[in-house]
1. Taking R0 as 30 Å, what FRET efficiency do you get between residue 23 and residue 53 from their Cβ-Cβ distance, rounded to the nearest 0.05?
2. Can you give me the % of accessible surface on region 66-136 that is carbon or sulfur? Probe 1.4 Å, all protein chains present, nothing else counted.
3. For the chain, what is the calculated [θ] at 222 nm in deg cm²/dmol (nearest 500), taking -39500 (n - 2.57) for each run of four or more DSSP H residues and dividing by its residue count?
4. Using the beta-carbon distance between residue 106 and residue 75 and R0 = 25 Å, what value does 1/(1 + (r/R0)^6) give for FRET efficiency, to the nearest 0.05?
5. Of 178, 121, 104, which is farthest along the charge dipole of region 90-204 in the positive direction, counting Lys and Arg as +1 and Asp and Glu as -1 at C-beta?
6. Rounded to two decimals, what is Rg over Rh for the chain when you use alpha-carbon atoms and the Kirkwood radius?
7. Step through the residues of region 147-154 one at a time and calculate ³J(HN,Hα) from phi using the Karplus curve (6.51 cos²θ - 1.76 cosθ + 1.60, θ = phi - 60°), rounding each to whole Hz and writing x for Gly and Pro.
8. Leaving out same-chain residues fewer than 8 places away, which lysines sit with a Cα under 26 Å from that of residue 57?
Amino acid sequence: PLRSGGQTFGVLLLLDREGAEGFEAGELAVAGAFARELVGFLERVELVGAIEEERRKLNDIVQHTGDGIVSLDSEGTILSWNAAMEAITGYSADEMIDTRHFGLLRPRDAHDVDLHIGGWSERYAVTGLAAEMQIVTSDGATVWLSCSYSLVPAKDDGLESLIIVARNITQARELEVLKDDFIAVVSHELRTPLVPIKGWAQTL
């Protein structure tokens, strides 16, 4: 029987023309060693299958989340670009992955200063990256993004990478501007009639 940890994978059958008594002790030892190797191989196959399933689930989560997720290595090459980023920017993953085209979005901060996200490893500490940025989509529209950042250390002599999670806050920014404009207009309209009223009150 091929068993490990209470789990049975199957049975290894060995046939000899002379029957069971035809196997010598050395041959049985070799068969036992072979069976153990076979069990180890089957366990690794199960483990690889489990890892692939977890990777598939993670990919599904990344692709179907409402937030845009993009990752760049320290040289500015785009490593991933999920469906939400496609919807926000108008640029497809095929157009962006394995390129250094993040600059196509013309990212700028709240003070209208250009952000060189592609050179993040040289120019910024992760904590110094803009929490909000404005970008230009493929059709020329301006979109505001609220961003959070995570640094992934380099592994196996590879490059460290930066993960950006971006949420479209354009509508919230527009509402904030409308609110400020409304308050300014109301303040002005109230101040205009109050000036003569105050003057007459002082006269009285």
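1. On the way: r = 40 Å, r/R0 = 1.33.
So, using R0 = 30 Å, E works out to roughly 0.15.
2. On the way: 1630 of 3460 Å².
C and S fraction of accessible area: 47 percent.
3. On the way: 5 runs with 89 residues, N = 204.
Rounded to the nearest 500, the figure is -14500 deg cm²/dmol.
4. Values: r = 20 Å, r/R0 = 0.80.
Efficiency for this residue pair is about 0.80.
5. The one lying farthest along the dipole's positive direction is 178.
6. Working: Rg = 32.1 Å, Rh = 23.0 Å.
Across the chain, the Cα-based Rg/Rh ratio is 1.40.
7. Taking θ as phi minus 60°, the curve returns 10, 10, 10, 9, 9, 10, x, 5 Hz for region 147-154.
8. Of all the lysines, those that pass the test against residue 57 - Cα under 26 Å, at least 8 places apart if same chain - are 155.
The values are calculated or read from the model by the stated rules, or taken from the named source; none is laboratory data. This structure is a prediction, so every number in the text was calculated from the model and none was measured. Cβ atoms come from the backbone with ideal geometry, glycine included; neighbour counts cover every protein chain shown. Ligands, DNA and RNA are stripped out before the accessible areas are found, and what is left, the full protein with its side chains, is counted by its heavy atoms. Shrake-Rupley method; radii C 1.70, N 1.55, O 1.52, S 1.80 Å.
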